[in-house]
Structures are given as C-alpha cells and as structure tokens.
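Have a look at the structure below before the remarks.
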Amino acid sequence: MLSRLSSARVALRRLFVSPEERIGIAVLAMAFLLVGVDAAAAHEYKIGAIEIGHPWSRATPPGAKVAGGYLTVTNDGDTPDKLVSATVEIAGRAEIHEMSVEDGVMKMRQVEGGLDIPAHGTVTFDPNGLHLMLLDLKGPLVRGTNVHGSLTFEKAGTVEVDYVVDAIGANPKPMKHDGGDAMPGMKMDH
Amino acid sequence: MAGRTRLALMALSAVVALGVSGMIGYHLTHGGAPSAPRYPVGGPIDLTAEDGRRFTNADLGGKPFAVFFGFTRCPNVCPTTLSDLTLDLEQLGPLADKLKVLFVSVDPERDTPETLKEYLSAFDPRITGLSGTPAEIASLAKAYRVFYEKVPTEGGDYTMNHTATVYLMDGKGALTSTISLEEDQPTRVAKLKQLAENG
C-alpha cells in the first residue's frame, strides 16, 4: 500500500513539475474538498470577539440520559472571556465537564464557576477531554439531525447554536468535512 | 579399563542429567509464561443479565470473552467502547461467535437490566449487559481489579470514574490481554481474533 502510494507520488511529481502545475493541482484539490463539505458538517457562529466552531454531538443509544456536546471556542479579543453557561433544548441541563484517563481509569470532573477562554486563545471541547455534559435528556439524539442550544459568555453575551448529531462513536474530524475516513489514502506525510 | 570407562560414563550421564533437570527446573520457575500476570485478574461471575436472568460463568459455555466495566450515563468512553466493539465484532465475521462480550455496569442503582437492555440495543446483539446488587458488582470489580467511584455533580446528581480497559479473558477465565482506549481498530481486531482463535 505504502509503496504503491509513494510510486504514485513519484509518478505525479513527474507529471506536474512546474510550480504553476503544482498550484493548479492544489487549487483543484481544495475545490474537491470544498465540494465535499456538506452544509451541516462545518458551521460557525460569532458573537463579539468569540467564535464558535462546529458544534456537534453524537447519536445516543435508546434510553440514554446523557450526551456530550463538542465545539471549539476561539477568543479573537484582547481580553479574556468566560463561558458561564450552556443550554441545549433536548437536555434538562448542560454542565461543563472534563474527562481524563489516568492509568486506564476514566475520570470525570465538573468544571465549576465557568470556563476561562483566554485572549487570542482557542478552547476545544471534544470526546477526549473537555466537553459539555448534556443531562436529563428528554429524547434521543438522532444522527443527521440538529439540536438547538445556546452558549452564554460573561462578556460577549449569549449566542444560539445548532449541534450537528453524528454517529454514536464518531470522532472529531480535523478537516471538518463529513466522511473523514472516506479517503484513507489521502493522508500526506508532508 | 572397561570398568573405569563405565564409571566415567555413569558420572558423565549423572552430570548431564543433573544439568538438564536443573535447566528444566530453572525454566519452570523463571522462564514460565512471560505474559502471566503477577496478580490474578478475574473471578466467578454471578450477576443479572439484561434479560433479567442470572448470568454465571456457565453461561459463557467455556468460550473466551471480553469484559468492560462502564455505565449508561457515560457520555464519551462507554458508548465509544461499545461502538468500537460493535465494529470489531463485525470485522471478525464468523469468528466473533467464538467469543462473548460482556458489559458490566458499575452504576447498578441506575442501570437496571431493563435500562441495559434498551441501551445496548444500539450495539452488537452479542454484547451482554450485566447488572446486579451493589455488593455483587463490587465483588466482581474487586476480582477484576477494576476501580470505580461516584463523583458528585450539581443538584445531588453524580457521575462515575471507572477503569476503562477492556479485559480479554480466555476460556478458563484467565486474563490474556487487554484493549485500552487509544488502540486503533486493526490492533483491537487482531487481539480479539487471537482471543477467538486460541480460546
């Protein structure tokens, strides 16, 4: 597989030697990637200096009482802000929790008193650490649907967001396009 | 002359025999099974299955099994592990029928057999949910050296800290390997395949 990939890469290099051609290929690749982005998969919100990147969640098994909420919070401002609360319509309440794994033991901790968002900093909520803990679910989270909610910041105020519901075991997608594993051969090592 | 030679041969064979038995003895005590855990992990299972019936080692039918301790009010690790195991069993194909997969609740007060049954319906039907009295769960967790504790949260609610390792046990109930959270699918499937094949 690897040797096939690298020989393919050599062949590509022979075909496209000039910088113009390489730029052309890069632009074409970007275009393909952009076409692959479906409207619901990558979405952002902005309020004041705060930018919210791609709020998402995972489908829940039947009868589940909890779910996780994931997103990125970027503070473009010169002063720190604080995420003080979150609501999600389908959940009775939402808390900020942090998960860690120490010596094979999964540990959960509630972040109390809000979460600092440093100036010019990004805080990531994902299934492997910091996350919104959605409690007392009133119904299941269904893959492919959205759940509505809000995030309240001490300075920037309240912003309404939609969480895209992905598969039960879904992982964060660094490229933020659906089907991140659809092109396994495209992982470039440079 | 002949007597001396015989004596020498006898002495030599005695030395060789002593040496060989010494080597065997050394290997038995030191070489042994390198993967054998220093402290035994595992123990008799006597819990309530998701269908409400008692579940003991006899229900495993001598098959090797994977066992994971978790709870249904777990947002990340438990559904991820159950989802991973579902995909792994699918990958294993017919081999998957040679092993059992158990999900033991460390939150038996809230995870009734009915709760487990409903929850696990989202995953591979070969995954069996087990609950029991707090004492029964504590006893099994101790045998498996599984740690769990309640963590209080807002409004008198609680969540759980717990060991998130999947234990791979052979047909005799002895630990052979583990799967940890960060292992990728090819690694997980290879371990489960080995477990299914070697019994």
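The values are calculated or read from the model by the stated rules, or taken from the named source; none is laboratory data. Bear in mind that the values here come from a model prediction, so they are computed numbers and not experimental data. Note: ideal-geometry Cβ built from the backbone for every residue, glycine included; neighbour counts use all protein chains shown.
Mind listing whichever residues of segment A:67-89 are surrounded by fewer than 21 Cβ atoms within 10 Å (Cβ to Cβ) and closer than 30 Å to B:Tyr119 by Cα? Of everything in segment A:67-89, those that are surrounded by fewer than 21 Cβ atoms within 10 Å (Cβ to Cβ) and closer than 30 Å to B:Tyr119 by Cα turn out to be A:Thr72, A:Ser85, A:Thr87, A:Glu89.
Restricting to segment A:123-133, name every residue that is in a strand (DSSP E or B) and out of contact with any Gly (no Cβ under 8 Å at 6 or more places or on another chain). Result: A:Val123, A:Thr124, A:Leu130. Pairs linking a residue in segment A:55-74 that is at the interface with chain B (Cβ under 8 Å from one of its Cβ atoms) and on the phi > 0 side of the Ramachandran plot to a residue that is buried (at least 22 other Cβ atoms within 10 Å of the Cβ) and modelled with pLDDT under 95, with Cβ atoms under 8 Å and 6 or more positions apart or on different chains, do not occur. Please work out if B:Phe65 is surrounded by 17 or more Cβ atoms within 10 Å (Cβ to Cβ), within 14 Å of chain A (Cβ to nearest Cβ) and touching a residue at least 60 places away in the same chain (Cβ under 8 Å). Criteria not met by B:Phe65.
Could you check how many residues of segment B:49-60 are more than 14 Å from chain A (Cβ to nearest Cβ) and either over 24 Å from B:Lys172 (Cβ atoms) or at pLDDT below 95 (or both)? Full working, then the answer.
Looking only at segment B:49-60, we keep the residues that are more than 14 Å from chain A (Cβ to nearest Cβ), and these are B:49, B:51-60.
Still in the running and either over 24 Å from B:Lys172 (Cβ atoms) or at pLDDT below 95 (or both): B:51-52.
The total comes to 2.
Out of curiosity, is B:Pro75 at pLDDT below 60 and under 30 Å from B:Pro108 (Cβ atoms)? In short, no.
Residues in segment A:103-124 that are in contact with a Pro (Cβ under 9 Å, 6 or more places away or on another chain), more than 8 Å from chain B (Cβ to nearest Cβ) and not β-branched (Val, Ile, Thr): A:Asp116, A:Pro118, A:Ala119, A:Gly121. Consider segment B:183-193 and keep the residues that are without any contact (Cβ under 8 Å) to a residue 24 or more places away in the chain and more than 14 Å from the chain's Cα centre (by Cα). The one that is surrounded by the most Cβ atoms within 10 Å (Cβ to Cβ) is B:Glu183. Could you list, in sequence order, all residues of segment A:90-102 that are more than 7 Å from chain B (Cβ to nearest Cβ) and either touching a Phe, Trp or Tyr at 6+ places or on another chain (Cβ under 9 Å) or of a type in the set (Val, Ile, Thr) (or both)? Hits for segment A:90-102 are A:Ile90, A:Ile96.
It is to be established whether one or more residues within segment A:160-169 are modelled with pLDDT under 95 and surrounded by 14 or more Cβ atoms within 10 Å (Cβ to Cβ). Scanning segment A:160-169 turns up at least one residue that is modelled with pLDDT under 95 and surrounded by 14 or more Cβ atoms within 10 Å (Cβ to Cβ). Please work out if B:Val41 is within 18 Å of the chain's Cα centre (by Cα), within 21 Å of B:Glu136 (Cα to Cα) and outside the structural domain of B:Lys98 (by TED's automatic domain parsing). Criteria met by B:Val41. When segment B:158-182 is limited to residues that are within 7 Å of chain A (Cβ to nearest Cβ) and outside any strand (DSSP E or B), the one that is nearest to the chain's Cα centre (by Cα) turns out to be B:Thr165. Going residue by residue through segment A:134-145, is there one that turns out to be free of Cβ contacts under 8 Å to residues at least 60 places away in the same chain, within 14 Å of chain B (Cβ to nearest Cβ) and part of a strand (DSSP E or B)? No, there is no match, as no residue in segment A:134-145 is free of Cβ contacts under 8 Å to residues at least 60 places away in the same chain, within 14 Å of chain B (Cβ to nearest Cβ) and part of a strand (DSSP E or B).
With respect to A:Arg58, is the statement that it is of a type in the set (D, E, K, R) and modelled with pLDDT under 95 true? No: the conditions fail for A:Arg58. Scanning segment B:129-158 for residues being farther than 29 Å from A:Ala94 by Cα and surrounded by fewer than 18 Cβ atoms within 10 Å (Cβ to Cβ) gives a total of 8.
At pLDDT below 95 and within 18 Å of the chain's Cα centre (by Cα), is that true of A:Asp103? No, not satisfied.
For segment B:85-107, the count of residues that are in contact (Cβ under 8 Å) with a residue 40 or more places away in the chain and facing chain A (nearest Cβ under 9 Å) is nonzero. The residues on offer are B:Thr80, B:Thr48, B:Thr86, B:Thr72, and the sole one that is part of a strand (DSSP E or B), of a type outside the set (A, V, I, L, M, F, W, C) and either assigned by TED's automatic domain parsing to the domain that holds B:Gln194 or surrounded by fewer than 24 Cβ atoms within 10 Å (Cβ to Cβ) (or both) is B:Thr48. Report, by residue number, each residue of segment B:118-144 that is outside any helix (DSSP H, G or I) and under 26 Å from A:Gly169 (Cβ atoms). Once the filter is applied, which keeps residues that are outside any helix (DSSP H, G or I) and under 26 Å from A:Gly169 (Cβ atoms), segment B:118-144 yields B:Ser121, B:Ala122, B:Phe123, B:Asp124, B:Pro125, B:Arg126, B:Ile127, B:Thr128, B:Gly129, B:Leu130, B:Ser131, B:Tyr144.
If a residue has to be surrounded by 16 or more Cβ atoms within 10 Å (Cβ to Cβ), over 16 Å from B:Val67 (Cβ atoms) and polar (S, T, N, Q) to count, how many in segment B:114-128 make the cut? Before you say what the answer is, go through the steps one by one.
Let us first name the residues in segment B:114-128 that are surrounded by 16 or more Cβ atoms within 10 Å (Cβ to Cβ), namely B:115-120, B:122-124, B:127-128.
This time we only want the ones that are over 16 Å from B:Val67 (Cβ atoms), so: B:115, B:117-119, B:122.
Adding the requirement that they be polar (S, T, N, Q) leaves B:115.
Total satisfying the criteria: 1.
Considering only segment B:130-142, I want to know if a residue exists there that is within 11 Å of chain A (Cβ to nearest Cβ) and at pLDDT 95 or above. Within segment B:130-142, not a single residue is within 11 Å of chain A (Cβ to nearest Cβ) and at pLDDT 95 or above.
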